[in-house]
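Report on one structure; see the data block that follows.
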Amino acid sequence: MDKGKFITIEGGDGAGKSTQIPFVEQLIRSRGHKLQVTREPGGTELGEQLREILLNFSAGKMCDDTELMLMFAARKQHLYEVITPALEAGVWVLCDRFTDATYAYQGGGRGIDASRIEVLEDWVQQGLQPDLTLLLDVPVEIGLGRTGKRGEVSDRFEQQQVCFKELVRESYLDRTRRFSHRIKRIDAAQKVDAVQIRIVEEFNAFADNVT
Ligand SMILES: Nc1ncnc2c1ncn2[C@@H]1O[C@H](COP(=O)(O)OP(=O)(O)OP(=O)(O)O)[C@@H](O)[C@H]1O
Ligand SMILES: [Mg+2]
């Protein structure tokens, strides 16, 4: 049996990831694939508890390395419990954020050296990479405007300064240039339906190649 494909959606806060996940889900299912939809940090019971700490811990400062290691701890559990078994069983996996987000937020945003992130990436993923990553790219101000309107209490990352978010965006764009075979940039400042037209283009180009 063929392995499932691993697709991730990335982008800064308010880029539209959660909005577009059901659309991508339907594209994958319409080609007859079984699908597991999940998210990071989280996706398992333990991972969701770590997510709560990562997003909302407020009793003092969390050291940047602690944050990095908690991200990868949640990721290891996610791979072990959900992602790897699904892919092995031929099920496609669609994940809201993955390791590109770690390079963007903990690397670009917090300033942790990429070489140190790579050590954990190799350890935890043992070579596994997404087959396709859709980067929803928006200028920081637009993302901020959208999350502001959403009206939820902001988390530890959303509370960061604009310069942090600019660094996150730059890191994502830098990775898009370096891993252009896998990461596809989509201009997510456009209207929802225009974003979807680009998603269909990139998804079809990928899916026509692998199926
Ligand atoms: N293309 C778009 N144009 C205008 N508004 C949008 C667009 N896409 C999403 N939105 C709105 O912007 C807000 C943020 O979108 P969404 O929650 O999907 O972003 P996200 O990338 O999942 O954010 P987060 O990183 O915080 O999870 C929502 O209120 C959503 O309805
Ligand atoms: Mg979201």
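Any read-out appearing in this document is the output of simple, stated calculations on the displayed coordinates, not a laboratory observation. Keep in mind that what you see is a predicted model, and the values were worked out from it rather than measured. For neighbour counting, all protein chains shown are included, and Cβ atoms are generated from backbone atoms with ideal geometry for every residue, glycine included.
Some points to look at:
- Of all the listed residues (Lys61, Lys149, Lys76), the sole one being among the basic types (Lys, Arg) and in contact with a helix residue (DSSP H, G or I) (Cβ under 8 Å, 6 or more places away or on another chain) is Lys76.
- Flag for Lys3 being of a type in the set (Lys, Arg), in contact with a helix residue (DSSP H, G or I) (Cβ under 6 Å, 6 or more places away or on another chain) and away from ligand 2 (no atom under 16 Å from the Cβ): yes
- The test for being β-branched (Val, Ile, Thr) and either buried (at least 18 other Cβ atoms within 10 Å of the Cβ) or not in a helix (DSSP H, G or I) (or both) does not hold for Val200.
- Any hit, region 27-44, residues being part of a helix (DSSP H, G or I) and among the acidic types (Asp, Glu): no
- Any hit, region 56-76, residues being touching a strand residue (DSSP E or B) at 6+ places or on another chain (Cβ under 9 Å), in a loop (DSSP other than H, G, I, E, B) and away from ligand 2 (no atom under 14 Å from the Cβ): no
- Close contacts from region 88-99, counting a first residue that is of a type in the set (A, V, I, L, M) and a second that is assigned to a strand (DSSP E or B) and more than 16 Å from ligand 1 (Cβ to nearest atom), with Cβ to Cβ under 8 Å and a gap of 6+ residues or different chains, come to Val91/Leu35; Val91/Gln36; Val93/Phe6; Val93/Leu35; Val93/Gln36; Leu94/Leu35; Leu94/Gln36.
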